[in-house]
Amino acid sequence: MPPLSENPLTAEWEHLANVLDAPPFLRPAWFGAWSEAFDRGRQRSITVHRGGELAGILPMEVRGGALLAPVNWHSPLFGPLAVDRSALEELLDRTFGEPHASVEMNLLCGSQAPLDAFVVAARRQRGVVLGRTVTRSPVIDTAGCLTEYERTLSRNRRRALRRQRRRLEQLGELSFEVHDGSEGLHG
């Protein structure tokens, strides 16, 4: 990938990322920095335009006969940016339609693009899809109350949590505090 200042897609890509409120790891600056630090192939951005505007982009790396996601373990996530499902499908059809021996997508972020769209696009191009969950973020949605959350847990898990709470209470006073981040933060 040429330096960001020389890449004609940079401004369009950043604009699309702003419109979609994309995380920093799906923006051109991240891929520019990643490329400078780790690049081993030739960068290629697959794009979809509508009405002269960028509607979707997927940065890739060409190495050997493969089209690879430009990521490694220093990359928290990867995925395309697309204004809607139609743009995403067109972008993925172009990606999997590329004349490469293989297409490898790693560290895909399911919240940015539905993962089923990748499978459908690959299969449309007669591709074989191998999926593997590498890791899941240990995040719990805290919307709602504790009782509602506990209902989503298995009976064994709820029992184990009650047992652990009793053990902690035996050790001393147990209290919980909720901090929503609105107080005590210094800028």
Would you mind telling me which residue in GLU173, GLU89, GLU14 has the biggest mean-square fluctuation in a Gaussian network model of the chain, where springs connect alpha carbons within a distance under 10 angstrom?
GLU173
Could I have the simple spin-label model distance between ALA29 and GLU169, label points 7 Å from Cα toward Cβ, reported in nm to one decimal?
4.9
Per the charge dipole of segment 38-118 (beta-carbon charges, Lys/Arg positive, Asp/Glu negative, Cα centre), the residue among ASN72, ASN106, LEU58 reaching farthest to the positive end is ASN72
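Given a 1.4 Å probe, how much area per residue of the chain is accessible, in Å²?
Numbers: 12770 Å² over 187 residues.
About 68 Å² of surface per residue is accessible.
When DSSP assigns beta bridges and you keep just the ones with both residues in the chain, what percent turn out antiparallel, to the nearest 5?
Details: 14 of 18 bridges.
Of the beta bridges lying entirely in the chain, close to 80 percent run antiparallel.
Can you list which of the chymotrypsin sites (Phe, Trp or Tyr not before Pro) found in segment 41-125 are DSSP loop residues with at most 16 other C-beta atoms within 10 Å?
TRP73
What percentage of the solvent-accessible surface of the chain, computed with a 1.4 Å probe over protein heavy atoms, is contributed by carbon and sulfur atoms? The partial results should precede the final answer.
On the way: 6500 of 12770 Å².
That share works out to 51 percent.
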Using the alpha-carbon atoms, what tilt in degrees (0 to 90, nearest 10) does helix 155-171 show relative to the longest principal axis of the chain?
50
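Compute the Kirkwood hydrodynamic radius of the chain, taking the inverse of the mean of 1/r over all pairs of distinct Cα atoms, and give it in Å to one decimal. Walk me through the numbers before you get to the answer.
Details: mean 1/r = 0.0510 Å⁻¹.
In the chain this quantity evaluates to 19.6 Å.
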Computed for the chain: size of charge dipole around the Cα centre, +1 on C-beta of each Lys and Arg, -1 on C-beta of each Asp and Glu, debye to nearest 20, value 1320
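The values are calculated or read from the model by the stated rules, or taken from the named source; none is laboratory data. Quantities reported herein were computed from a predicted structural model and do not represent experimental measurements. Virtual Cβ from ideal backbone geometry, glycine too; neighbours counted across all protein chains shown. Accessible surface areas use protein heavy atoms only, side chains included; no ligands, DNA or RNA. Shrake-Rupley method; radii C 1.70, N 1.55, O 1.52, S 1.80 Å.
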